[in-house]
Structures are given as C-alpha cells and as structure tokens.
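Visitor: I have a structure here, written as structure tokens, and I will follow up with some questions on it.
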Amino acid sequence: MWQLIAAGIGAAGQIAAGVGAQREAELTAFNIGTEKKLNRVQAQQQALARQEEYDLATSANVAAFAAMGRDITSDRSVEAFLARQKEISSEDVSRIEFQSRAEDLRADMMAMAEKRRGRNTMYSSLFNAAGTLGEGIYRYQTTMAKAVSGGGGISGGGGR
C-alpha cells in the first residue's frame, strides 16, 4: 500500500511543480507585455521629442535667415535647407516607429515562447505524474502478487 501512497505523493508533487511553472511562465509573459507597453510609450515620447526638436530648430533657422536678410519664402537655398531638415526629422521619427514595432514583435514572440514553455512544462509534469502513478500501481500489484503466492514481500512486522 505504501507504494500507492508514495506514487500519489510523487505524482501530486510533479503536477504541483508543473502548475507552478505554468503560472510563473504566465506571469513572465504578462511582465513582457507590460514592458512592451512601456517601450511603446517611450518610443512615442522619443518621436514627440524629435518633432519638438525639429520645430525649435526650424524656428531658430527661420529667425537666423531672417536676421541675415534672406527671404525665406523665395530663397531656394533656404527652402531646400528647410525641406531637408524636415525630411531628416521625418526619417528619424520613422526609424523610432520602426524600432518600436520591431520591439513589439520581439516582445510578442518572447511572451508566446514563455507561455509555450509553461504549457510544455505543465504537460510534461502530467505525463511524469501518470508514469509515477503507473509505476506505483505496478509495484503495489507486484508486491500483492508475491504476498498472495507466498513469495514474501509483505512482512507481518514484529513477529513472535
């Protein structure tokens, strides 16, 4: 009988370990999702800061050109300079957005992998527990068969 009890305790422990690993994986995946949201907010702040930087630089450049007596509405070199600055700023914002999307994808893949790891660990613990129970049942039946056939195995314990 002790074989069945030991197998039951072992199987319960294996299942509990699997459940714990799955919960840990789910928490890790949740934390990855939270980090993803924080990264997205940070990217939005960077893009906004870059746009503000562009706006300030444009204002300063327009003021500097005006102070030099250059007509910003008709001077082609001034127009080309300002257009190029706008292009650079747009490229920077696009790079920030692309990087943010790449980080989002990486975070999604990490979260999915973590969830899968947790599920796989849980399934593994269930199979191990089933094996442990099967082995316990086998040992119990083997011991009982030996006892019934007179092959020993079960001792009366303190005999006189």
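The values are calculated or read from the model by the stated rules, or taken from the named source; none is laboratory data. Treat the numbers as computed from the prediction; the structure is a model and nothing was measured. All Cβ positions, glycine included, derive from the backbone under ideal geometry; neighbour counts span all protein chains shown. Surface areas here come from the heavy atoms of the whole protein model, side chains and all, with no ligands, DNA or RNA. Shrake-Rupley method; radii C 1.70, N 1.55, O 1.52, S 1.80 Å.
Visitor: For helix 76-148, report the angle its Cα long axis makes with the longest principal axis of the Cα atoms of the chain; keep it between 0 and 90° and round to the nearest 10°.
Guide: Relative to the chain, helix 76-148 is tipped by roughly 0 degrees.
Visitor: Turning to a different aspect of this structure: Tell me the net charge near L4. Cut-off is 12 Å between Cβ atoms, L4 excluded, with +1 for each Lys or Arg and -1 for each Asp or Glu. Write down the numbers at each step before the final one.
Guide: Values: positive: R139; negative: E135.
For residues surrounding L4, the net value is 0.
Visitor: Under 26 Å Cα to Cα from K37, which lysines show up? Leave out anything in the same chain fewer than 8 places away.
Guide: K115
Visitor: Also, I was wondering about something else. Quick check for you: with a 1.4 Å probe and neighbouring chains kept, what is the accessible area per residue of region 1-59, in Å²? Walk me through the numbers on the way to the answer.
Guide: Values: 3950 Å² over 59 residues.
Here the residues of region 1-59 average 67 Å² of exposed surface.
Visitor: Translational diffusion coefficient of the chain at 4 °C, 1.567 mPa s, Stokes-Einstein with Kirkwood Rh over Cα pairs, in µm²/s as a whole number.
Guide: Numbers: Rh = 22.2 Å.
The estimated diffusion coefficient comes to 58 µm²/s.
Visitor: Moving to a separate point now. Inverting the mean 1/r over all pairs of different Cα atoms, compute the Kirkwood radius of region 11-79 and quote it in Å.
Guide: Values: mean 1/r = 0.0593 Å⁻¹.
After inverting the mean inverse Cα-Cα distance, the result is 16.9 Å.
Visitor: Further question: What percentage of the solvent-accessible surface of the chain, computed with a 1.4 Å probe over protein heavy atoms, is contributed by carbon and sulfur atoms? Please list the in-between numbers first.
Guide: On the way: 6730 of 11270 Å².
Carbon and sulfur atoms account for 60 percent of the accessible area of the chain.
Visitor: S59: net charge of surrounding residues, Cβ under 14 Å, Lys/Arg +1, Asp/Glu -1, itself excluded? Show your work: numbers first, answer last.
Guide: Values: positive: K86; negative: E52, E53, D55.
The answer is -2.
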